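Shown next, in structure tokens, is the structure this report addresses.
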Amino acid sequence: MDLRSQYHAVVLFIVMVFSVPLILTVECVAADEDVVIQQRPVSVDIHQLIKQSEQSELGVDLNILKEIDVDSASLIAKTRGKLFLNGLTAITPEVAEALAKHRGWLHLDGLQSLSPEVATALSKHQGWLFLNGIKVLDKDVAVALLPYRGQLYLDSVQTITDDVAEIIVKRRDGVELYGVRNINYQSVAMLRKNSEIVLPAKFNRAGWWPF
């Protein structure tokens, strides 16, 4: 190999050696950017979502929302008709207070529990209230919901205690409880005195009663 060939070989080797760290650095930066992009919260234009949903006859579908603040809730509450917010798994009393100003059907089936404070706020809603994700109806929550004037849907509640039954039976408006499984005969008899309360059909069959 002549001197010129040796020179070119050395230059090529040097370029390759210094290029490897550069390539790795670029790849690491790109990877870091991907992580940042994945971690960056998705920006949701609530105005646009509402505008698009209001064009549908099915109602305002905002199930994509996983959380909202008070300002967003106040904006959403200005809509009318059927409002779907089933993507929310928790809300503050302040957000509930804002949403309660909505007029129409309010779907909050993503909520699996309620605090008495949230229940109190939602009881001011004027329209049908869907809380079909609630699995346990505590006495304090039942009391907080008692003033609510509208059709109340609690189809995931499986257990009704005597204390809760005594509260629910006082409601003047409808309560749907199709999911009830655990309830004693006395409570069923009590609830059946209120024609606005809907229980599973099996509780109407004579064969279910021990007397």
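The values are calculated or read from the model by the stated rules, or taken from the named source; none is laboratory data. Keep in mind that this is a model prediction, so the values were computed, not measured. Reconstructed Cβ throughout: ideal geometry from the backbone, glycine too, with neighbour counts over all protein chains shown.
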What pairs can you find where one residue is in the stretch 137-160 and outside the structural domain of residue 120 (by TED's automatic domain parsing), the other is assigned to a helix (DSSP H, G or I) and of a type in the set (A, V, I, L, M, F, W, C), and their Cβ atoms are less than 6 Å apart, with a gap of 6+ or different chains? none
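Yes/no matrix, rows are residues, columns are (1) within 17 Å of residue 170 (Cβ to Cβ); (2) β-branched (Val, Ile, Thr):
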| site | (1), (2) |
| --- | --- |
| 97 | no, no |
| 102 | no, no |
| 113 | no, no |
| 120 | yes, yes |
| 126 | no, no |
| 146 | yes, no |
| 154 | yes, no |
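With a cut-off of at least 2 residues that are more than 24 Å from residue 203 (Cα to Cα), name the helices (runs of 4 or more DSSP H) lying wholly within the stretch 108-191.
On the way: elements: 116-122, 139-145, 162-168, 185-191.
Because the criterion is at least 2 residues that are more than 24 Å from residue 203 (Cα to Cα), the helices (runs of 4 or more DSSP H) in the stretch 108-191 that meet it are 116-122, 139-145.
Could you identify the single residue in 128, 105 that is among the hydrophobic types (A, V, I, L, M, F, W, C), touching a Lys or Arg at 6+ places or on another chain (Cβ under 8 Å) and at pLDDT 95 or above? It would help to see each step written out before you state the result.
Numbers: 128 fails: touching a Lys or Arg at 6+ places or on another chain (Cβ under 8 Å).
Residue meeting the stated conditions: 105.
Suppose we keep only residues that are of a type in the set (A, V, I, L, M, F, W, C) and assigned to a strand (DSSP E or B) within the stretch 95-107. Which one would you say is nearest to residue 84 (Cα to Cα)? Show your work before the answer.
Filtering the stretch 95-107 down to residues of a type in the set (A, V, I, L, M, F, W, C) leaves 95-96, 98-100, 105-106.
If we keep only those that are assigned to a strand (DSSP E or B) too, we end up with 105-106.
Values: 105: 8, 106: 6 Å.
Top of the filtered list is 106.
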Hey, among the residues in the stretch 151-174 that are at pLDDT below 95 and surrounded by 15 or more Cβ atoms within 10 Å (Cβ to Cβ), which one's farthest from residue 196 (Cα to Cα)? 171
When both residues are 6+ apart or on different chains and their Cβ atoms are under 7 Å apart, which pairs have a first residue that lies in the stretch 197-211 and is part of a loop (DSSP other than H, G, I, E, B), and a second that is at pLDDT 60 or above? 199/177; 199/180; 199/188; 199/191; 200/178; 200/180; 209/185; 210/185
Report yes if some residue within the stretch 138-157 is polar (S, T, N, Q) and farther than 27 Å from residue 87 by Cα; otherwise report no. no
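Can you find even one residue in the stretch 121-139 that is touching a strand residue (DSSP E or B) at 6+ places or on another chain (Cβ under 9 Å), at positive phi and surrounded by 14 or more Cβ atoms within 10 Å (Cβ to Cβ)?
The answer is yes, given that some residue of the stretch 121-139 is touching a strand residue (DSSP E or B) at 6+ places or on another chain (Cβ under 9 Å), at positive phi and surrounded by 14 or more Cβ atoms within 10 Å (Cβ to Cβ).
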Would you please name the residue that is surrounded by the most Cβ atoms within 10 Å (Cβ to Cβ), looking only at residues in the stretch 92-115 that are within 17 Å of residue 60 (Cβ to Cβ) and touching a helix residue (DSSP H, G or I) at 6+ places or on another chain (Cβ under 6 Å)? 99
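Within the stretch 69-79, can one find any residue that is in a strand (DSSP E or B), modelled with pLDDT of 95 or more and in the same structural domain as residue 167 (by TED's automatic domain parsing)?
The initial filter retains those residues of the stretch 69-79 that are in a strand (DSSP E or B), namely none.
Within the stretch 69-79 (the criterion being in a strand (DSSP E or B), modelled with pLDDT of 95 or more and in the same structural domain as residue 167 (by TED's automatic domain parsing)), the answer is no, since none of the residues qualifies.
State yes or no: is residue 119 among the aliphatic types (A, V, I, L, M), at pLDDT 95 or above and touching a Leu at 6+ places or on another chain (Cβ under 6 Å)?
Values: among the aliphatic types (A, V, I, L, M): yes; at pLDDT 95 or above: yes; touching a Leu at 6+ places or on another chain (Cβ under 6 Å): yes.
So residue 119 fits the description; yes.
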Anything in the stretch 152-171 that is farther than 14 Å from residue 183 by Cβ and within 19 Å of the chain's Cα centre (by Cα)? List them, or say none. 152, 153, 155, 156
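Only one residue in 49, 58 is farther than 30 Å from residue 170 by Cβ, loosely packed, with under 14 Cβ neighbours inside 10 Å, among the hydrophobic types (A, V, I, L, M, F, W, C) and in contact (Cβ under 8 Å) with a residue 12 or more places away in the chain. Which one?
On the way: 49 fails: loosely packed, with under 14 Cβ neighbours inside 10 Å.
Within the list 49, 58, the selection yields 58.
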